[in-house]
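What follows is a single structure, written as structure tokens, with notes after it.
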Amino acid sequence: MSTASVTEVAGIGVTCRGLVYIYRLEGYDVVALSGVDLDIEPGESVALLGPSGAGKSTLLSLLAGLLTPAAGRLTVGEHDLARAGAAELSYLRSTDVGVMLQGAMRNLLPYVSAAENVRFAQSGVPKARRTGLAGPRELLDMVGLADQAHTRPPDLAPGARQRLAIATALANGAGLLLADEPTSQLDTAARDEVLEVLSAVNRAGRTVVVVTHDPDVGGSMGRTVTIRDGRVGAEGRRGEEYSVVGRDGSVHLPPDVLDEIVPGTLLRVELIDGTAVRLTPAQDASREEPR
């Protein structure tokens, strides 16, 4: 695959504070996110990891303005998404944020060419923001599809369809790319081509946030954030995973620790010389006299 250089675009940052989202399901309230605290700096590349149902895709949809928080604060760039109305959210997606839904064909028009897909994606950009936008040829070059500009999406290989979806998501000049499972159901070669494009997009300045179940995809990002039980449970930097202390003092222990310390275990917490914390199971706590 041959790709062209990517036009530099300033990245957009994200701030979440106590973010809550609740689904209504069969008459019951289901808490999908229960107090997410997260900062993403402009120009970062972040993978959201975690088991199915943990809230990853819900968080991505909130960042895209496709869902509205039930509580908490959420800012994307200069936009306060907790207070934004429909018009502002639509403007956000037409200018500052590019969204890739899971499944390439959900992002594409099947009956027109690759170039016409990109052109259609730019039709919703306000006229005042169209000056300086990369054209269809440049965007297709960016994702290695310069020689398939006249090909319709159903006639493209699966990996090429995903790369076209990236081009259409960025057609508005977005500084933040949100991608839900951009490499799902791809073979290794096609997956690596998609990751190469995402890396180039990020190196050019844009912020990239992906939801993924693939640890190799997570490892290709600059940072991983694991969502567990609707909260940020862990973060990874440079191949090493860290637990995250929530604003309420909660801590999600790594899975290998939970294999030894089952949920519900009482733990003594000791600060050692101001530099380390020791957790000790208090198995005899029920027999201790209150102090």
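The values are calculated or read from the model by the stated rules, or taken from the named source; none is laboratory data. The structure displayed is predicted, hence computed values, not measured ones. Because the Cβ atoms are built from the backbone with ideal geometry, glycine has one as well, and the counts that use them run over all protein chains shown. Please note that ligands, DNA and RNA were not included when accessible areas were found on the heavy atoms of the full protein model with its side chains. Shrake-Rupley method; radii C 1.70, N 1.55, O 1.52, S 1.80 Å.
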Check your understanding: Of the numbered conditions (1) hydroxyl-bearing (S, T, Y); (2) part of a strand (DSSP E or B); (3) touching a residue at least 60 places away in the same chain (Cβ under 8 Å), Y23 satisfies every one except a single condition; which is it?
Key -> (3)
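Looking only at strands (runs of 3 or more DSSP E) that fall completely inside segment 160-234, which ones have 3 or more residues that are at pLDDT below 95? Steps first, answer last, please.
Numbers: elements: 176-180, 207-211, 223-228.
The strands (runs of 3 or more DSSP E) meeting that bar are 223-228.
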Exercise for review: Identify, from the list A134, A146, A160, the residue that is surrounded by fewer than 23 Cβ atoms within 10 Å (Cβ to Cβ) and free of Cβ contacts under 8 Å to residues at least 40 places away in the same chain.
Suggested key: A160
Point to revise | Test: residue in segment 200-216 that is out of contact with any helix residue (DSSP H, G or I) (no Cβ under 8 Å at 6 or more places or on another chain), on the phi > 0 side of the Ramachandran plot and open to solvent by 30 Å² or more (accessible area, probe 1.4 Å) | key: no
Practice item. Scan (1) free of Cβ contacts under 8 Å to residues at least 40 places away in the same chain; (2) assigned to a loop (DSSP other than H, G, I, E, B); (3) over 15 Å from V143 (Cα atoms) for the single condition R247 breaks and write down its number. Key: (1)
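Would you confirm whether or not segment 268-284 contains a residue that is assigned to a loop (DSSP other than H, G, I, E, B), of a type in the set (S, T, Y), modelled with pLDDT under 80 and loosely packed, with under 11 Cβ neighbours inside 10 Å? Break it down stepwise before answering.
Going through segment 268-284, the residues assigned to a loop (DSSP other than H, G, I, E, B) turn out to be 273-275, 282-284.
With the extra rule that they be of a type in the set (S, T, Y), the set shrinks to 275.
Subsequent filtering for residues that are modelled with pLDDT under 80 retains 275.
After this cut, where a residue has to be loosely packed, with under 11 Cβ neighbours inside 10 Å as well, the list is 275.
Yes, because at least one residue in segment 268-284 is assigned to a loop (DSSP other than H, G, I, E, B), of a type in the set (S, T, Y), modelled with pLDDT under 80 and loosely packed, with under 11 Cβ neighbours inside 10 Å.
Identify, from the list G249, G233, the residue that is within 26 Å of V36 (Cβ to Cβ) and more than 17 Å from the chain's Cα centre (by Cα). Quick ask: steps written out before the conclusion?
Numbers: G233 fails: more than 17 Å from the chain's Cα centre (by Cα).
The conditions single out G249.
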Check your understanding: Of all residues in segment 121-141, which are at pLDDT below 90 and in a helix (DSSP H, G or I)?
Key -> K127, A128, R129
Exercise for review: Please state which one of G18, G13, G53 is out of contact with any Phe, Trp or Tyr (no Cβ under 8 Å at 6 or more places or on another chain) and surrounded by fewer than 16 Cβ atoms within 10 Å (Cβ to Cβ).
Suggested key: G53
Practice item. Determine which member of the set L66, L25 is under 15 Å from the mean Cα position of the chain (by Cα), of a type outside the set (F, W, Y), over 28 Å from S243 (Cβ atoms) and surrounded by fewer than 18 Cβ atoms within 10 Å (Cβ to Cβ). Key: L66
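Within segment 142-159, how many residues are of a type in the set (S, T, N, Q) and not in a loop (DSSP other than H, G, I, E, B)? Spell out how you get there, then give the answer.
If we filter segment 142-159 for residues that are of a type in the set (S, T, N, Q), which is where we start, we get 148, 151.
Applying the additional criterion that residues be not in a loop (DSSP other than H, G, I, E, B) yields 148.
Number satisfying all stated conditions: 1.
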**Study point:** Residue tally, condition in contact with a helix residue (DSSP H, G or I) (Cβ under 6 Å, 6 or more places away or on another chain), among the small types (G, A, S) and open to solvent by 40 Å² or more (accessible area, probe 1.4 Å), over segment 99-127
**Key:** 1
**Study point:** In segment 83-98, residue nearest to L198 (Cα to Cα) [restricted to those that are within 20 Å of the chain's Cα centre (by Cα) and open to solvent by less than 40 Å² (accessible area, probe 1.4 Å)]
**Key:** G98
